[in-house]
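The values are calculated or read from the model by the stated rules, or taken from the named source; none is laboratory data. All values derive from a computational prediction rather than experimental measurement. Quick reminder, even Gly has a Cβ in these numbers, built from the backbone with ideal geometry, and neighbours come from all protein chains shown. Ligands, DNA and RNA are stripped out before the accessible areas are found, and what is left, the full protein with its side chains, is counted by its heavy atoms. Shrake-Rupley method; radii C 1.70, N 1.55, O 1.52, S 1.80 Å.
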Amino acid sequence: MQNIIALISSIFSIEKILDITNTSKEFIKKYLEWIIKFWANIRDFWLVLHYARFSVFVLVLGASVLFIDQGRELALRIDQNPYHFLFFSIGLFIWALQNWFGSRKLLNERFGRGSSGDTPLFAKSLRHIPRIMGVSTYLFASVALLLAWQYKGFPISILALYLLITVLSGGLFYYGVIKRHDFIKLQTIEVWLKPATYTYSLFFIAAGIFFPAHIGFLMGSLGIFFFGLSSIVPAGNWAIYYTEKLTDPTYFGTTLPNDKTNDRTGFPVISALLVLAFLLSYINDNHDIRTLDTNSKRASLSTAFADWEKQAKEVNGVKPLIIVATAGGGIRASYWTATVLGGLTDAEPRFRNALFAVSGVSGGSVGSVFYQAALQEDASNCGLSEKTNHPKRGATCYEKLTQSALSQDFLAPNFSSFLYSDLIQRFLLPMGFPDRQQALENGWELSWRNTYKQAKTEGVSASLTSKVGADWLPILLLNSTHMESGKRVVASSIELDDKFTDTVDLLSLIGSDVRLSTAAGNSARFTYVSPAGTLPCKPEGGFLTRWWNGLFCRNGHVVDGGYFENFGAITALQTAQALPDQKSLALKVKPIFIIISSDPLLACSPERKEKDDKKCDSLDDDVQAEYLPHERFANESIGPVKALLSTRSARGILAAKDVRHWVKDCKDRPDHCGFGAVPEFYHFRMEVPDGQTDPALGWMLSKESEQEIAKMLTCSSNKNREAFASIVALLGSEQVSQYSKAVCPEAKL
C-alpha cells in the first residue's frame, strides 16, 4: 500500500505538474500563432479574391450552367453544327480574356505588382489568381465536353476533336498570359479590348431586341452564352473600379505602396445591383404577354362536340372520342408529345378525326401546338406505299415533321435576349425592350417556318382560334397558373363555361386572341428561364379608357402550368364530364383517355428503382408506399421550398390517377358516365432504358436524346407498344404491325 502511495505521489509531484503546465502553455502558444498566421494568409487571399469578385461570380454562373443536365445536352449538340463550335471557341476565348484582364487590372490598381514585404501566399495570389480566372473558363468548358464525350461512349468523333482543340486552346491561353510581358503590355491590350467589347456588346444588344431567334440559331446556345458572360464581366469590373476609387481614394488607382492593413471592403457592387433591380421591378415590367388585335368568337363545348360528331368516323358501331392530357417537362416533353401524337396519326389517319381535345402543360403544350399547326398545314404524306403496302416513313409524315420542327436549340434565342437586352432592362428605367419569353416564342415560329418551306398557313404564329386548313381540329386546352392567386388559367380554342370549375378563361379575361406560340409559351414559362407573363386588361371603353388601361391596368401574372398541376389531367377530366349526355345518340361514343408523361421516374424498371433510391412512382397502381424518400440537408430553411416543388408533380400524379379511376368507375357502371360505351385509359411513358441518362429538362435536346425519345414509342418500351397497338386497333386499323416495322424493324407486336 505504501508503495502505491509513493508511486502516486511521484506522478503528481509539483515539479511534474509545473513541467506539464509549461509544455501545455508552449503548445497553446504555438497553436495560436499558427492559427493567427493561417488567418492572415486567408485574409490576404480573400482580399485578392474580393477585388476579382465579379469575375469569380460570373465564373461560378458559367460553371453552374455547363455542369447541369441541360449543359450536357448543349455540349453534345456542339458537334452538329461547325458554326456553333466556331462561335463557341471565339466566345470562350473572349470570356477568358475578359476574366483575366479585368482581374489583373483591378489588382494592379489596388496593389501594384506586389512588394518585398508581402507574404508568399499574397504575392502568389496577386500573380496567379487572374491567370486562374482566365484559364478556368477553358477548364470548365473542357470538362463539359469531356462529360458529353463520355455520354457518347468515348468514340472517335468530331466531339473528341473539339475537346482536343479546346484543351490545347486553354493551354495556349495560359502560356500566353504567363509570357505576356515578353511581347505585349497591359495598356496595349486595353487599347484594343475596350472598343472591341463596346462593339460586340452593342451588336448583341441590338440582336437580342430585333432578331434573337436568328442570331441564336446561327451561333448556338454556348456561343451566345459565352459572349454574354464576356460582356457582363467588364461591366461588373467597371462598376467595381469606379466605386472602389471613390470609396478608397488613398490607395486605389495610386502609386502608393501596398497597405493590406486597410481592409475596407469598399462598395458592395453585386448586392447593390440586386437591390437596384428589386426596387426597379415595381415599374420596370417588360413582360406583357403578346396579344392579337382580333378577338374571334369561339364555339361552346357543346357546339364543338357537335362539330366533332359530324366528322368522326364510326368503328364497330361506336365513335372513339380521344382526349389527351400531356404533361410538362421542357423540350423533352414537347418532343415526346409530338412523337406520340404524330406517330398515332401516321399509323392511323383516322386518329385526327377521333382526337377531340388536348389538355397540355408546359412542354406538353408546346408539342401540342406544333402538332396542331401540322394538322392545319395538312401536309402529311404518310399513306400506304403502293409497292410494299407499308406506311411511308418520309420527312413529310406528321411525326417526322413535328420532330424536325422541335429539333432546334431553342435556348439560344432565350440567351440572346436574356443576357443582353432583357438583363440590361433590369437596371434601367423602362426601355420597352422585348423580353426573353418573346425571343423563345420567336424561336418556335422561326423553326416552324424553316421546317415547312412552302407553308400554306402561319403555323405556330397563327391565332389560337384559327381553323384554317382542316375540317376538324382538336380543341386545345393549354394550362397555366396565375401567380398571385394560384388559380388555373386555361388558353383554349373554345369558350369555357362554369362546368370547368374554378378555371380562368385566358381569352375571356384579356379580351384578345393570342398566337399558338404565345398560348403554349404562357403554359411553359419554365422557372427563371422565362419570366412571369403580365396579363393585360380587356381593351374596352372609349379611346381614353382603352389608352389608360393599356398603360396601367393589369390582371396579374401567368406562370408555368406545372405549378398548379403538371399533367393537365384535371382539365382533361372536366372536359369529358362537361360533354352532353350521349345516351340518346344512335351511335355510342367511346371516350379514350391518353396520358403522356415525360418524367422517367414514372416509368422506372425494378432495377432502376433500386438505383434511384426508390423515388420512382407509377400512374398504373395505387399500392401504399412502403418507403418514402428522406433528405437531411438544411430542412429547416429550404424544407418549405422543397415541399412546394414536390407537390407540383404529386398533384399531377394524383390528377392522372383520378382520370384512371373515373375510367374504371365508368367501366364498372357503363350508364354512369352517359356515353353508352365503356371508356379506355392509356398511358404513354418516357421509359429510359437502364444505363441511359435521362433527357434533360430545358429547351434543347442533343441528337442522342432525340433518337432515344423517338424509339420509346414503339421500339424500346413494351408498355408503349401495347398502348399504341390497342389505340390503333380501336380506330379500326390493321396496319400497326407494318407501321412498327417501318419505324423499328426489331420491334415485335
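Worth pointing out:
- Of the peptides 693-699, 519-525, 499-505, the ranking by mean beta-carbon count within 10 Å, highest at the top, reads 519-525, 693-699, 499-505.
- The fraction of accessible area contributed by carbon and sulfur in the chain is 61 percent, rounded to a whole number (1.4 Å probe; ligands and nucleic acids excluded).
- Radius of gyration (Cα atoms) of the chain, expressed as a multiple of 2.2 N^0.38 Å: 1.16.
- Rounded, prolate or oblate (a/c below 1.5 giving rounded, otherwise prolate when a/b exceeds b/c) for the stretch 478-601 by Cα gyration tensor: oblate
- For the chain: accessible area per residue (Å², 1.4 Å): 47
- The stretch 173-213 and the stretch 356-379 have Cα centres separated by 44 Å.
- Shape class for the stretch 437-539: oblate, because the ratio a/c of the largest to smallest gyration tensor axis (alpha-carbon atoms, square roots of eigenvalues) is 1.5 or more and b/c is at least a/b.
- Cβ-based net charge around Glu109, under 11 Å, with every Lys or Arg adding one and every Asp or Glu removing one: +2
- Distant-in-sequence amide H partners of Asp285 (H built 1.01 Å from N, under 5 Å): none
- Euclidean distance between Cα centres, the stretch 126-155 to the stretch 476-490, Å: 42
- Dividing the mean sequence gap of close Cα pairs (under 8 Å, 6+ apart) by how many residues the chain holds gives a relative contact order of 15 percent.
- In order along the stretch 307-324, phi translates into HN-Hα couplings of 5, 5, 4, 5, 9, 5, 8, 7, 9, 6, x, 10, 10, x, 10, 9, 10, 10 Hz, rounded to whole numbers, per the Karplus curve 6.51 cos²θ - 1.76 cosθ + 1.60 with θ = phi - 60° and x for Gly and Pro.
- Between His683 and Ile595, the built amide H atoms are under 5 Å apart, and every one of these is 5 or more places off in sequence or on another chain.
- Beta bridges per DSSP with both ends in the chain, % antiparallel, nearest 5: 30
- Lys590 long-range amide H proximity, modeled H, under 5 Å: Lys319, Leu321
- Shape category assigned to the stretch 301-385 from the gyration tensor of Cα positions, a/c cut at 1.5: oblate
- Mean Cβ count within 10 Å, highest first, over the residues of peptides 239-246, 535-542, 278-285: 239-246, 535-542, 278-285
- Cβ crowding within 10 Å averaged over residues, with 560-573, 200-213 ranked highest first: 560-573, 200-213
- The stretch 420-438 and the stretch 39-106 have Cα centres spaced 24 Å apart.
- Computed extension length for Arg113-Leu644: 186.0 nm, one decimal, from 0.36 nm per residue of separation with the Cα-Cα distance subtracted.
- Working from Cα pairs under 8 Å separated by at least six residues, relative contact order for the stretch 290-383 is 32 percent.
- Per-residue [θ]222 nm for the chain (sum of -39500 (n - 2.57) over DSSP H runs n ≥ 4, rounded to 500): -18000 deg cm²/dmol
- Here the dipole of the chain is about 1540 debye; that uses its Cα centre as origin and unit charges on the Cβ of Lys and Arg (positive) and Asp and Glu (negative).
- Estimated at 0.36 nm per residue, the fully extended path between Leu273 and Asp69 surpasses their Cα-Cα distance by 70.5 nm.
- For the stretch 60-147, convex hull volume per residue from C-alpha positions, Å³: 92
- Gain upon complete extension [Thr243, Glu309; 0.36 nm per residue less C-alpha separation]: 16.7 nm
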